[in-house]
Amino acid sequence: MLVRSLPPSHSLLARAALVPPRLRHSPHPLASHARTHATAVSVNGFSQLKPTRYGQPLPKSHPHLIRDHETTPGIKQSEYDRRRRELMKGLPDGSVVVCVAGQVKYMSGQIFYKFRQSSDFWYLTGFDEPDAALVLEKRPSSPRGYYMYIFSTGTDPMKEKWDGAKTAPDDVIKFFGADEAEPIAALPCVLKSVTAIASAVYIDVPNHSKRSRAVSPKTLLKYLTPGSMSRTEYDSILDSLSASKRKPLAPEIGRLRAVKSEAEQAVMRQAADISANAHNKTMRFTEPGISEHAVAAHFEYLCAREGSQRPAYVPVVASGPNALIIHYTSNNQLIADHEMVLIDAGCEYNGYASDITRTFPANGKFTPEQAALYTAVLEVQKHLITLCTEEADMSIMHLHRESSSKLRRELDRIGFNFPLGSGSLDTLYPHLVGHPVGIDLHESSLTNTNAPVKAGMVITIEPGVYVPPLPEFPKHFHNIGIRIEDEVVVGKKRPVVLSVNAPKEIADIEGSCQGALGLMPF
């Protein structure tokens, strides 16, 4: 239950706005207010600080989650530095990058949703607090090739009493690699300075894609209130952000995010393993008569128990004819005997999404018709995975066309017999075969689906067939929906299936459902 705080009469952040932003040779204006009463507590050989002094898990406070030299679990500070170097190296001399953190979103009144950081901001910093911003100046003569500012709320004892600690500026420099860490109130002054001489300003701009989640300049403007500057200064900043030298940042970061490092692949494998294990145990848990909602809750519980911070998306638990709805998320009906259950669900773990779909019989045993249709989809899926290599020179659209051709042949084999060129296949298989996955479930809306996939990319392969009760389709397949989805790392010559631990062979699925593999539902 959340309780409401009394508004402080004078916040530290408001006072910090009056402090000149670049006091490099004296203690940081907010540093002295950091939490000082944290207690060391040893558990299972790990020494933890409770309450934590930081706004997110760091090695000193959460050694059971994060190692020394890591900024976020599994990703070292040196990798975040490499990302920023590569970004700035690809931009013209004199460029400035401005990237704004995500915002706390509210369900109603003061009741907030769990915070989730803006994906591009997370990719460049690993900093997991709202009301923050990143500014990078390209400086080829400097050791790193750039100069880095992070702006954040800093520490505030009054707010910490209610919401917990935020990371102090000195720790932002230490753990996140910033050259300068400033209060968010100082952002306008720094922006005025760096954008005035910039040749190009790369920021997140709106409407570069209908489905873009990029931050718009309007999000940035909340920090540029005229109260702390003259109207002329305020207008000059707005002009610098809206003039012709403004460039979209999202495509530049999307280019980098497309190919995953070995460290990223390792974190994604952990996310996939958590989700795969949940799929396995949820098959054992599911039985006729249970509600789809209970199955979805069970899956989410299993992921959370293993450390997942949140679901990567609203899970689909579609029984019987509900599986004909691709994005069925109501999950509010009862599962009948002899129905198939399609579960499309995955967790988000340490900043990376997983995406797995499995389809299985509610009572643990495939009927001959279910097995025939399932085998047709499985053969298509396994064939496509072999093509997920740089050597094969296939794009996502090439893979999709191959999936359609192969699926047509497999369905012909089991008695569909629809005429070549008919639109019937589009009815049975209405979606694309896959998409990139990473920090976001759909890693970039800017992905060119006609460009060949490259080694290190992670994509889903998810052919499906959804048979409506229409007379042109064999009656014994009516109302069956099947999708099989895996996450695949594109290799030079061979792919790697991250979600390999989720069973998909008929014998393994029946073994999971029936408990023959020794798995329990919990």
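The values are calculated or read from the model by the stated rules, or taken from the named source; none is laboratory data. If you're wondering where the values come from, they're calculated on a predicted model, not measured in any experiment. Neighbour counts run over all protein chains shown; Cβ positions are idealised from the backbone, glycine included. Only protein heavy atoms, including side chains, enter the accessible area calculation; ligands, DNA and RNA are left aside. Shrake-Rupley method; radii C 1.70, N 1.55, O 1.52, S 1.80 Å.
On the chain, 55 percent of the accessible area sits on carbon and sulfur atoms, based on a 1.4 Å probe. Scanning the chain for cysteines with no neighbouring cysteine C-beta under 4.7 angstrom from their C-beta gives Cys99, Cys189, Cys388, Cys513. The convex hull around the C-alpha trace of region 471-517, projected and averaged over every direction, spans 5.6 square nanometres.
Round to the nearest 10 and give me the degree value, 0 to 90, for the angle of helix 262-285's Cα axis relative to the longest principal axis of the chain. With rounding to tens, the tilt is 50 degrees.
Computed from Cα positions, the angle between helix 231-242 and the longest principal axis of the chain comes to roughly 30 degrees. Computed from Cα positions, the angle between helix 187-196 and the longest principal axis of the chain comes to roughly 90 degrees. Residues His400, His279 ordered from highest to lowest accessible area at a 1.4 Å probe: His400, His279. Segment Ala266..Lys365, full-extension length gain: 32.2 nm, with 0.36 nm per residue of separation and the alpha-carbon distance subtracted. First check a/c for region 348-420, with a ≥ b ≥ c the square roots of the eigenvalues of its C-alpha gyration tensor; if it is under 1.5, answer rounded, and if not, answer prolate when a/b is larger than b/c or oblate otherwise. Taking the square roots of the gyration eigenvalues as a ≥ b ≥ c, region 348-420 is oblate.
Under the shape rule built on the C-alpha gyration tensor, where the axes satisfy a ≥ b ≥ c, region 415-468 is prolate, since a/c reaches at least 1.5 and a/b is greater than b/c.
Identify which of the listed values of mean projected area of the Cα convex hull in nm² was calculated from the structure shown: (1) 36.6; (2) 27.6; (3) 32.2. Computed from these coordinates, mean projected area of the Cα convex hull in nm² corresponds to label (2). Straight-line reach from Lys50: taking Cα to Cα under 23 Å and skipping same-chain neighbours fewer than 8 places apart, the lysines in range are Lys60, Lys114, Lys159, Lys161, Lys166, Lys174. Ranking Asp426, Asp156 from most to least accessible surface, computed with a 1.4 Å probe over the protein chains only, gives Asp426, Asp156. If one computes the Cα centroid of region 88-134 and of region 252-275, what distance in Å separates the two points? Here the answer is 19 Å between Cα centres. Were the residues from Lys76 through Lys89 laid out at 0.36 nm apart, the gain over their Cα-Cα distance would be 2.7 nm. Here region 326-377 and region 429-459 have alpha carbon centers that stand 22 Å from each other. Modelled spin labels at Ser445 and Met158, positioned 7 Å past Cα toward Cβ, are 3.9 nm from each other.
Full extension of the segment from Ser330 to Ala507, taken as 0.36 nm per residue of separation minus the current Cα-Cα distance, would add 60.7 nm. Summed over the residues of the chain and divided among them, the accessible surface reaches 45 Å² per residue at a probe radius of 1.4 Å.
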